[in-house]
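What follows is one structure encoded as C-alpha coordinates, with my remarks underneath.
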Amino acid sequence: MVFNRIAVLAVSKPLVFKAEQSMASELPTDRTSYRRASTRKGDIVFVVNPKGANGRTGKEWKKLVPYLRSRLDGVYNICESFTSGPSHAIDITREAIREGADGVIAVGGDGTLHEVVNGFFWGGKPVAAEDQEATHTTALGLIPLGTGSDFARTFGWKNDPHDAIERIVKGQKSRIDVGVINGESGEPHYFINVADIHLSAKAGYYASQYKRFGNLCYVIGALRGFVGHKNQDLRIKVNGGEWEIFPQVTALCIGNAKFFGGGMKITPNADPCSGDFEVVILQDFKWYDFILKLHKLYQGTHLAEKNVHSRS
(Lines give C-alpha, C1' and ligand atoms only; values in the text may rest on other atoms or scores of the structure.)
Protein backbone atom coordinates (compact mmCIF):
# COMPACT_ATOMS: atom_id res chain seq x y z
CA MET A 1 0.00 0.00 0.00
CA VAL A 2 1.05 3.62 -0.38
CA PHE A 3 -0.01 6.36 2.09
CA ASN A 4 1.03 9.76 0.74
CA ARG A 5 4.69 9.08 0.00
CA ILE A 6 4.91 6.07 2.31
CA ALA A 7 5.07 2.65 0.72
CA VAL A 8 4.59 -0.51 2.77
CA LEU A 9 5.42 -3.91 1.38
CA ALA A 10 4.80 -7.17 3.19
CA VAL A 11 7.27 -9.80 2.10
CA SER A 12 4.59 -11.77 0.27
CA LYS A 13 2.20 -9.08 -0.96
CA PRO A 14 2.66 -5.42 -2.00
CA LEU A 15 0.41 -2.63 -0.73
CA VAL A 16 0.38 1.17 -1.36
CA PHE A 17 -0.93 4.38 0.46
CA LYS A 18 -0.67 8.07 -0.63
CA ALA A 19 -2.24 11.50 -0.21
CA GLU A 20 -3.23 13.57 -3.19
CA GLN A 21 -5.48 16.33 -4.50
CA SER A 22 -7.62 15.98 -7.61
CA MET A 23 -10.52 17.51 -9.51
CA ALA A 24 -14.21 16.52 -9.31
CA SER A 25 -15.75 13.96 -11.67
CA GLU A 26 -19.13 12.91 -13.01
CA LEU A 27 -21.04 10.76 -10.53
CA PRO A 28 -23.73 8.15 -11.08
CA THR A 29 -26.96 8.45 -9.12
CA ASP A 30 -26.99 6.84 -5.66
CA ARG A 31 -30.05 5.85 -3.63
CA THR A 32 -29.79 7.55 -0.25
CA SER A 33 -32.09 8.70 2.52
CA TYR A 34 -31.21 12.34 1.82
CA ARG A 35 -33.31 13.45 -1.16
CA ARG A 36 -34.56 16.93 -1.98
CA ALA A 37 -35.86 18.43 -5.21
CA SER A 38 -33.33 21.17 -4.58
CA THR A 39 -30.98 22.08 -1.77
CA ARG A 40 -30.97 25.74 -0.80
CA LYS A 41 -27.80 27.50 0.14
CA GLY A 42 -27.59 27.26 3.86
CA ASP A 43 -28.59 23.60 4.13
CA ILE A 44 -26.65 21.52 6.63
CA VAL A 45 -27.11 17.77 6.56
CA PHE A 46 -26.62 15.87 9.83
CA VAL A 47 -25.70 12.25 9.15
CA VAL A 48 -26.70 10.31 12.26
CA ASN A 49 -25.73 6.74 13.09
CA PRO A 50 -28.54 5.81 15.52
CA LYS A 51 -26.86 2.53 16.45
CA GLY A 52 -23.54 4.16 17.33
CA ALA A 53 -22.04 3.63 20.79
CA ASN A 54 -24.29 0.61 21.31
CA GLY A 55 -27.41 2.69 20.62
CA ARG A 56 -26.44 5.69 22.76
CA THR A 57 -25.88 7.95 19.74
CA GLY A 58 -29.51 7.73 18.61
CA LYS A 59 -30.84 8.45 22.10
CA GLU A 60 -28.48 11.39 22.67
CA TRP A 61 -29.29 12.84 19.27
CA LYS A 62 -33.02 12.99 20.07
CA LYS A 63 -32.22 14.95 23.22
CA LEU A 64 -29.89 17.26 21.30
CA VAL A 65 -32.20 18.21 18.42
CA PRO A 66 -34.21 20.91 20.30
CA TYR A 67 -30.99 22.69 21.31
CA LEU A 68 -29.61 22.30 17.78
CA ARG A 69 -32.70 23.92 16.29
CA SER A 70 -32.70 26.72 18.84
CA ARG A 71 -29.15 27.64 17.80
CA LEU A 72 -29.30 27.04 14.04
CA ASP A 73 -32.89 27.59 12.88
CA GLY A 74 -33.08 30.78 10.88
CA VAL A 75 -29.41 30.52 9.96
CA TYR A 76 -29.40 27.10 8.29
CA ASN A 77 -31.96 24.69 6.96
CA ILE A 78 -31.42 21.59 9.13
CA CYS A 79 -31.69 18.22 7.39
CA GLU A 80 -31.53 14.99 9.42
CA SER A 81 -30.55 11.74 7.74
CA PHE A 82 -30.24 8.44 9.62
CA THR A 83 -27.96 5.67 8.41
CA SER A 84 -29.46 2.22 7.99
CA GLY A 85 -26.31 0.12 7.64
CA PRO A 86 -22.63 0.02 6.62
CA SER A 87 -21.57 2.55 3.95
CA HIS A 88 -24.94 4.32 3.97
CA ALA A 89 -23.30 7.49 5.31
CA ILE A 90 -21.10 7.53 2.19
CA ASP A 91 -24.13 7.61 -0.11
CA ILE A 92 -25.92 10.25 2.00
CA THR A 93 -22.85 12.50 1.94
CA ARG A 94 -22.36 12.26 -1.82
CA GLU A 95 -26.00 13.10 -2.45
CA ALA A 96 -25.87 16.06 -0.06
CA ILE A 97 -22.77 17.48 -1.73
CA ARG A 98 -24.25 17.04 -5.20
CA GLU A 99 -27.37 18.88 -4.03
CA GLY A 100 -25.24 21.81 -2.86
CA ALA A 101 -25.33 21.46 0.93
CA ASP A 102 -23.08 23.92 2.77
CA GLY A 103 -22.09 21.34 5.35
CA VAL A 104 -22.28 17.63 6.09
CA ILE A 105 -21.98 16.87 9.80
CA ALA A 106 -21.11 13.38 11.03
CA VAL A 107 -23.07 12.61 14.21
CA GLY A 108 -21.53 9.60 15.94
CA GLY A 109 -18.08 8.16 16.41
CA ASP A 110 -14.99 7.79 14.27
CA GLY A 111 -16.63 5.10 12.14
CA THR A 112 -19.42 7.44 11.04
CA LEU A 113 -16.91 10.24 10.48
CA HIS A 114 -14.78 7.91 8.37
CA GLU A 115 -17.71 7.05 6.11
CA VAL A 116 -18.70 10.70 5.71
CA VAL A 117 -15.11 11.57 4.72
CA ASN A 118 -15.20 8.88 2.04
CA GLY A 119 -18.49 10.33 0.80
CA PHE A 120 -16.63 13.49 -0.20
CA PHE A 121 -14.89 11.50 -2.96
CA TRP A 122 -15.84 9.29 -5.90
CA GLY A 123 -13.54 7.49 -8.32
CA GLY A 124 -10.47 9.08 -6.77
CA LYS A 125 -11.78 12.64 -7.17
CA PRO A 126 -13.73 15.08 -4.96
CA VAL A 127 -17.50 15.13 -5.36
CA ALA A 128 -18.82 18.41 -6.79
CA ALA A 129 -22.16 20.17 -6.41
CA GLU A 130 -24.51 20.16 -9.38
CA ASP A 131 -25.98 23.45 -10.64
CA GLN A 132 -23.71 25.46 -8.34
CA GLU A 133 -20.92 27.94 -8.93
CA ALA A 134 -17.50 26.37 -9.26
CA THR A 135 -16.41 28.12 -6.06
CA HIS A 136 -19.10 26.43 -3.95
CA THR A 137 -17.74 23.97 -1.39
CA THR A 138 -19.25 21.72 1.26
CA ALA A 139 -17.69 21.68 4.72
CA LEU A 140 -17.14 18.56 6.82
CA GLY A 141 -18.29 18.72 10.43
CA LEU A 142 -18.45 16.51 13.49
CA ILE A 143 -20.69 16.13 16.53
CA PRO A 144 -18.90 13.47 18.60
CA LEU A 145 -21.48 11.05 19.99
CA GLY A 146 -19.65 7.75 19.49
CA THR A 147 -17.54 5.37 21.53
CA GLY A 148 -14.04 6.63 20.78
CA SER A 149 -14.33 10.08 19.17
CA ASP A 150 -10.56 9.95 18.70
CA PHE A 151 -10.30 12.46 15.85
CA ALA A 152 -11.86 15.18 18.02
CA ARG A 153 -9.18 14.63 20.68
CA THR A 154 -6.43 15.89 18.38
CA PHE A 155 -8.10 19.32 18.31
CA GLY A 156 -8.62 19.28 22.06
CA TRP A 157 -12.38 19.22 21.66
CA LYS A 158 -14.42 18.05 24.62
CA ASN A 159 -16.69 15.09 24.00
CA ASP A 160 -19.59 17.54 24.33
CA PRO A 161 -22.10 17.88 21.46
CA HIS A 162 -23.19 21.33 22.68
CA ASP A 163 -19.64 22.61 22.16
CA ALA A 164 -19.67 21.11 18.68
CA ILE A 165 -22.90 22.93 17.84
CA GLU A 166 -21.39 26.22 19.01
CA ARG A 167 -18.45 25.68 16.64
CA ILE A 168 -20.96 25.22 13.81
CA VAL A 169 -22.86 28.35 14.84
CA LYS A 170 -19.63 30.37 14.83
CA GLY A 171 -18.64 28.94 11.45
CA GLN A 172 -15.22 27.85 12.68
CA LYS A 173 -13.38 26.09 9.85
CA SER A 174 -9.91 24.68 9.26
CA ARG A 175 -8.20 23.11 6.28
CA ILE A 176 -7.14 19.55 7.07
CA ASP A 177 -5.15 16.90 5.24
CA VAL A 178 -6.73 13.76 3.83
CA GLY A 179 -4.87 10.51 3.26
CA VAL A 180 -5.75 8.13 0.45
CA ILE A 181 -4.95 4.43 0.31
CA ASN A 182 -4.47 2.86 -3.11
CA GLY A 183 -4.44 -0.93 -3.26
CA GLU A 184 -3.95 -3.28 -6.17
CA SER A 185 -7.60 -3.03 -7.17
CA GLY A 186 -10.83 -1.28 -6.23
CA GLU A 187 -11.67 2.29 -5.24
CA PRO A 188 -9.21 4.49 -3.34
CA HIS A 189 -9.97 4.65 0.38
CA TYR A 190 -9.67 7.88 2.37
CA PHE A 191 -8.81 8.61 5.99
CA ILE A 192 -8.28 11.69 8.15
CA ASN A 193 -7.32 10.05 11.45
CA VAL A 194 -5.02 7.00 11.62
CA ALA A 195 -4.55 4.23 9.09
CA ASP A 196 -3.05 1.04 10.48
CA ILE A 197 -2.24 -2.52 9.47
CA HIS A 198 -1.55 -5.84 11.15
CA LEU A 199 -2.39 -6.19 14.88
CA SER A 200 -3.96 -2.76 15.39
CA ALA A 201 -6.26 -3.31 12.42
CA LYS A 202 -7.38 -6.65 13.86
CA ALA A 203 -7.86 -5.01 17.26
CA GLY A 204 -10.21 -2.46 15.72
CA TYR A 205 -12.25 -5.22 14.15
CA TYR A 206 -12.61 -7.13 17.40
CA ALA A 207 -13.28 -3.95 19.39
CA SER A 208 -16.48 -3.42 17.40
CA GLN A 209 -17.86 -6.57 19.05
CA TYR A 210 -17.39 -5.15 22.56
CA LYS A 211 -18.80 -1.62 22.24
CA ARG A 212 -20.99 -2.23 25.30
CA PHE A 213 -17.82 -1.86 27.41
CA GLY A 214 -17.16 1.69 26.17
CA ASN A 215 -13.54 2.65 25.50
CA LEU A 216 -12.41 -0.55 27.20
CA CYS A 217 -13.56 -2.35 24.06
CA TYR A 218 -10.34 -1.32 22.31
CA VAL A 219 -8.14 -2.89 24.98
CA ILE A 220 -10.23 -6.07 24.85
CA GLY A 221 -10.03 -6.03 21.06
CA ALA A 222 -6.24 -5.71 21.13
CA LEU A 223 -5.83 -8.59 23.56
CA ARG A 224 -8.10 -10.77 21.47
CA GLY A 225 -6.15 -9.75 18.38
CA PHE A 226 -2.99 -11.19 19.95
CA VAL A 227 -4.60 -14.66 19.92
CA GLY A 228 -2.97 -16.44 16.99
CA HIS A 229 -1.15 -13.26 15.95
CA LYS A 230 2.24 -13.53 14.26
CA ASN A 231 4.56 -10.59 13.78
CA GLN A 232 5.66 -10.02 10.20
CA ASP A 233 8.66 -8.57 8.41
CA LEU A 234 7.84 -5.45 6.36
CA ARG A 235 9.75 -3.49 3.73
CA ILE A 236 9.00 0.23 4.01
CA LYS A 237 10.10 3.34 2.16
CA VAL A 238 9.14 6.92 2.90
CA ASN A 239 9.15 9.90 0.49
CA GLY A 240 10.70 7.86 -2.29
CA GLY A 241 13.70 6.87 -0.17
CA GLU A 242 15.37 3.50 0.01
CA TRP A 243 13.50 0.35 1.04
CA GLU A 244 14.15 -0.59 4.66
CA ILE A 245 13.39 -3.94 6.25
CA PHE A 246 11.69 -3.83 9.64
CA PRO A 247 11.61 -7.32 11.17
CA GLN A 248 8.88 -8.68 13.40
CA VAL A 249 6.44 -5.79 12.97
CA THR A 250 3.48 -6.02 15.34
CA ALA A 251 1.65 -2.95 14.05
CA LEU A 252 2.28 -0.08 11.68
CA CYS A 253 0.31 3.16 12.11
CA ILE A 254 0.19 6.12 9.75
CA GLY A 255 -1.17 9.08 11.68
CA ASN A 256 -2.76 12.13 10.12
CA ALA A 257 -4.04 12.86 13.65
CA LYS A 258 -2.79 11.71 17.06
CA PHE A 259 -5.26 9.28 18.65
CA PHE A 260 -6.91 5.93 18.05
CA GLY A 261 -8.29 3.08 20.13
CA GLY A 262 -10.32 5.20 22.54
CA GLY A 263 -7.61 7.69 23.48
CA MET A 264 -4.31 5.93 22.74
CA LYS A 265 -1.91 8.64 21.59
CA ILE A 266 -0.37 6.36 19.00
CA THR A 267 1.09 9.03 16.69
CA PRO A 268 1.71 11.86 19.20
CA ASN A 269 3.47 14.20 16.77
CA ALA A 270 0.89 14.02 13.98
CA ASP A 271 -0.90 17.20 12.90
CA PRO A 272 -3.77 17.02 10.38
CA CYS A 273 -2.93 20.52 9.14
CA SER A 274 0.81 19.99 8.57
CA GLY A 275 0.93 18.21 5.21
CA ASP A 276 2.81 15.26 6.77
CA PHE A 277 1.97 11.92 8.32
CA GLU A 278 3.67 10.43 11.36
CA VAL A 279 4.63 6.79 10.91
CA VAL A 280 4.93 4.66 14.05
CA ILE A 281 6.15 1.07 13.88
CA LEU A 282 5.80 -1.32 16.82
CA GLN A 283 8.12 -4.32 16.64
CA ASP A 284 8.17 -7.63 18.45
CA PHE A 285 5.34 -6.83 20.88
CA LYS A 286 3.81 -9.64 22.91
CA TRP A 287 0.47 -9.46 24.68
CA TYR A 288 2.19 -8.79 28.01
CA ASP A 289 4.25 -5.96 26.43
CA PHE A 290 0.97 -4.38 25.40
CA ILE A 291 -0.35 -4.57 28.98
CA LEU A 292 2.89 -3.31 30.55
CA LYS A 293 3.23 -0.40 28.11
CA LEU A 294 -0.46 0.44 27.80
CA HIS A 295 -0.10 3.58 29.94
CA LYS A 296 2.67 4.80 27.62
CA LEU A 297 0.45 4.29 24.58
CA TYR A 298 -2.21 6.48 26.18
CA GLN A 299 0.32 9.14 27.20
CA GLY A 300 2.17 9.12 23.88
CA THR A 301 5.50 8.34 25.54
CA HIS A 302 5.95 4.96 23.85
CA LEU A 303 8.23 6.46 21.17
CA ALA A 304 11.12 6.22 23.63
CA GLU A 305 10.87 2.42 23.68
CA LYS A 306 13.65 0.59 21.82
CA ASN A 307 11.24 -1.49 19.75
CA VAL A 308 9.17 1.51 18.63
CA HIS A 309 10.23 3.59 15.61
CA SER A 310 8.79 6.88 14.41
CA ARG A 311 9.34 9.18 11.45
CA SER A 312 7.55 11.94 9.56
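The values are calculated or read from the model by the stated rules, or taken from the named source; none is laboratory data. Not measured: the values here are computed from a predicted model. Don't worry about glycine lacking a Cβ; one is built from the backbone with ideal geometry, like all the others, and counts go over all protein chains shown. Heads up: the accessible areas ignore ligands, DNA and RNA and are worked out on the full protein's heavy atoms, side chains in. Shrake-Rupley method; radii C 1.70, N 1.55, O 1.52, S 1.80 Å.
Among residues other than Y67 with Cβ under 12 Å from its Cβ, the summed charge is -1 (Lys and Arg +1, Asp and Glu -1). The local environment of I220, defined by Cβ-Cβ distances under 15 Å, has a net charge of +4 under the rule Lys, Arg +1 and Asp, Glu -1. Would you tally the net charge around V194, using a Cβ to Cβ cut-off of less than 11 Å, leaving V194 out, and scoring K and R as +1, D and E as -1? My count for the surroundings of V194 gives -2. In the context of the full set of protein chains, residues of region 42-176 present 45 Å² of accessible surface per residue (probe radius 1.4 Å, heavy atoms only). Accessible surface of region 42-176, 1.4 Å probe: 48 percent of it comes from carbon and sulfur atoms.
Pairs to check: K258/K293; K202/K286; K59/K170; K158/K265; K59/K211. Give those whose C-alpha atoms are more than 19 Å from each other in this structure. Table pairs above 19 Å Cα-Cα are K59/K170. Taking all protein chains as shown and a probe of 1.4 angstrom, D177 keeps an accessible surface of around 40 Å².
Ranking Y76, Y190, Y288 from most to least accessible surface, computed with a 1.4 Å probe over the protein chains only, gives Y288, Y76, Y190. Calculated mean residue ellipticity, 222 nm, the chain: -7500 deg cm²/dmol, from DSSP H runs (n ≥ 4) at -39500 (n - 2.57) each, averaged per residue and rounded to 500.
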